[in-house]
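Some notes on the structure that comes next.
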Amino acid sequence: MSYQQETNFIHQGADPDPSTGATQPPIYQTASFAHDDPQQLEDVFNGKAFGYYYSRVSNPTIDALEKRITGIEQAIGSVVVSSGMAAIANTVLSLATSGDTIVVGKSLFGSTYYLFEGLIEDSGITVKFVDSANSVEFENAIDNKTKLIFVEAIGNPKLDIPDLKKLSDIANKQGIPLVVDSTFATPYLLDAKSCGVHILVYATTKYIAGSGSTIGGVIVDTGLMNWKSYQTKKIQEASKQYGQFAFLSVAKKVRSNAGSSQSPFNAYLTSLGIDTLALRVKQQVANATALASFFEEHAAIKVNYPGLTSHPQHNLAKQQLKGFGTIITLRLGSKEKAFKVLKKLKLVHNLVNLGDAKTVAVYPATTIYRNLTEKQREEAGVYPDLIRISVGLEHPSDIIADFKQALEGLS
Ligand SMILES: *Cc1c(COP(=O)(O)O)cnc(C)c1O
């Protein structure tokens with residue numbers, strides 16, 4: 001029987017714990033797992049028997065979360081890692097190596113930008129930054145060393161929308177995966193598989209956990225990539241043993257070797273969050289829509305939200321997403337004015353995270369994006385008078401009233 005998304009999120013892959021019947025995943029808070037027979041441990045190590053031996057490598061609470069995420073994406077598998085950044089780093093390091101190139105949409109979360117410009121470039125991988133909303137630039141930047149395309153489903157904080165179907169076609173022509181950071185779009189707003197996305201990454205820290213309770217990340221293989229024809233040594237070797245699960249096996253090895261495993265307690269909190277994901281995102285989108293309309297009426301500010309017809313990719317967003325997201329940015333005229341508004345907010349907290357149950361606002365230019373040059377900031381849509389708002393779950397009239405009093409007197 002096929003169910004609606006809301007139902008799937010709660011039930012898919014959420015089977016009771018096999019050994020105890022517990023309906024919430026037990027927190028297996030242990031470093032290692034005992035085996036009576038040394039032969040059994042040897043078999044587990046060699047993949048001849050199923051089991052656990054060390055939580056950096058695998059853990060039942062982590063497995064339970066992976067099953068749920070795989071289920072809600074209708075994917076072939078997932079790798080849960082310690083953070084959203086670990087998900088991106090592990091994905092790139094699983095696919096590319098020194099001498100390779102990757103093509104990246106430059107509208108990026110600050111730390112992702114630092115990762116690509118720093119660690120990834122330092123390890124000999126050339127990163128070609130292109131305009132996220134311009135598919136032709138991606139196509140032109142691809143060369144015979146390119147191992148992947150990377151883009152954010154909704155750019156942070158520029159809020160530009162890449163054409164995923166076009167990018168998927170370009171990737172398929174080249175035999176490389178389209179990797180999408182769908183943190184902002186969430187599994188509820190973007191059906192990544194139907195857009196041809198090969199690999200998804202999420203900072204589960206944000207909407208999936210939902211209450212700002214923990215840091216976490218996940219890598220998802222949608223099953224659309226034919227790994228047999230993907231020309232890297234690591235994947236080719238893995239493909240002989242694991243077939244279509246080649247990428248997942250390499251990503252798990254990178255997780256284990258780089259030590260980017262997630263704590264079972266964090267996985268438990270994230271799993272709880274999934275139960276209410278659809279409900280939360282639906283309400284947050286409705287609140288964001290109401291707030292964006294309120295801002296649009298205000299003459300002294302420039303509002304950016306994909307749900308407004310003034311947004312350059314509004315029509316594409318409408319086709320590609322089930323809702324326009326929960327992030328709004330405002331340009332207030334100057335840094336001084338932006339600080340004044342942030343200081344006057346009473347209900348809305350000045351926090352750097354997003355996707356929280358609480359509405360939060362931040363001045364990104366000298367915080368999250370402080371290490372970018374002015375030109376890089378401009379290209380990433382981080383203007384010196386910009387604030388970013390992540391709309392929460394409070395009653396929309398209370399959120400609007402707080403901004404109304406904070407904006408009073410702004411000209
Ligand atoms: C927050 C965020 C990340 C990084 O996630 P962490 O869990 O903080 O490491 C990556 N991508 C996007 C779009 C984000 O918003």
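The values are calculated or read from the model by the stated rules, or taken from the named source; none is laboratory data. Small disclaimer: the values here were computed from a predicted structure and weren't measured. Please note: Cβ atoms are built from the backbone with ideal geometry, for glycine as well, and neighbour counts cover all protein chains shown. Heavy atoms of the whole protein, side chains included, go into the accessibility calculation; ligands, DNA and RNA do not. Shrake-Rupley method; radii C 1.70, N 1.55, O 1.52, S 1.80 Å.
Points worth noting:
- Where labels lie 7 Å past Cα in the beta-carbon direction, separation of S194 and Q74 in nm: 0.8 nm
- Full extension of the chain between N371 and A290 yields a length gain of 25.8 nm, computed as 0.36 nm times the residue separation minus the alpha carbon distance.
- Over the chain, the hull volume per residue, using the convex hull of the C-alpha atoms, is 141 Å³.
- Computed extension length for I400-L279: 41.5 nm, one decimal, from 0.36 nm per residue of separation with the Cα-Cα distance subtracted.
- Signed unit charges on C-beta, dipole axis of segment 124-176, positive-most listed residue N134, I154, L167: L167
- A Förster radius of 22 Å, combined with the Cβ-Cβ distance separating V136 from E379, puts the computed FRET efficiency at roughly 0.80.
- Of all segments of the chain bounded by GluC sites (Glu not before Pro) found in a DSSP loop with no more than 10 other C-beta atoms within 10 Å, the longest spans 1-296.
- Leading residue at positive end of dipole, the chain (Cβ point charges), from L321, S32, G259: L321
- Rolling a 1.4 Å probe across the protein heavy atoms gives segment 1-141 an accessible surface of 48 Å² per residue.
- 3J(HN,Hα) couplings calculated from phi for segment 48-54 with the Karplus curve 6.51 cos²θ - 1.76 cosθ + 1.60 (θ = phi - 60°) are, in sequence order, 8, 9, 7, x, 10, 9, 8 Hz; Gly and Pro show x.
- Within segment 329-411: Cβ-based charge dipole about Cα centre, in debye rounded to nearest 20 (Lys, Arg +1; Asp, Glu -1): 220 debye
- Whether segment 326-411 is rounded, prolate or oblate, judged on the alpha carbon gyration tensor where a/c under 1.5 counts as rounded: oblate
- Based on DSSP H segments of at least four residues, each scored -39500 (n - 2.57), the chain has a per-residue ellipticity at 222 nm of -11500 deg cm²/dmol.
- Of the residues F339, F294, F45, F50, the one with the largest accessible area comes first in the ranking F50, F45, F339, F294, computed with a 1.4 Å probe on protein heavy atoms.
- Among N172, N226, N46, the largest mean-square fluctuation in a Gaussian network model of the chain (Cα springs under 10 Å) belongs to N46.
- Degrees between helix 164-174 axis and first principal axis of the chain (Cα, 0 to 90, nearest 10): 40 degrees
- Cα-based helix-to-principal-axis angle, 264-275 vs the chain, degrees rounded to 10: 60 degrees
- Proximal lysines to K106, defined as alpha-carbon separation beneath 20 angstrom and excluding residues fewer than eight positions away on the same chain: K128, K145, K147, K158, K165, K166, K375
- Only Lys, Arg (+1) and Asp, Glu (-1) charged, at Cβ; segment 54-144 dipole about Cα centre in debye: 400 debye
- The apolar share of the surface of segment 101-142, taken as the fraction of accessible area on carbon and sulfur atoms (1.4 Å probe, ligands and nucleic acids excluded), comes to 47 percent.
- Here's the picture: charge each Lys and Arg Cβ at +1 and each Asp and Glu Cβ at -1 in the chain, and of I389, Y242, T373 the one pushed furthest to the positive end of that dipole is T373.
- Surface accessible to a 1.4 Å probe, per residue, for the residues of segment 247-288, Å²: 36 Å²
- In this calculation the C-beta distance from Q241 to K346 is compared with R0 = 51 Å, giving a FRET efficiency of 0.30.
- Among the protein heavy atoms of segment 192-350, carbon and sulfur supply 54% of the accessible surface, probe 1.4 Å, non-protein parts ignored.
- Beta bridges by DSSP in the chain, antiparallel share as percent, to the nearest 5: 55 percent
- When +1 charges are put on Lys and Arg Cβ atoms and -1 charges on Asp and Glu Cβ atoms, the dipole computed for the chain relative to its Cα centre reaches about 560 debye.
- Added length on full extension, which subtracts the Cα-Cα distance from 0.36 nm per residue, K145 to K322: 60.2 nm
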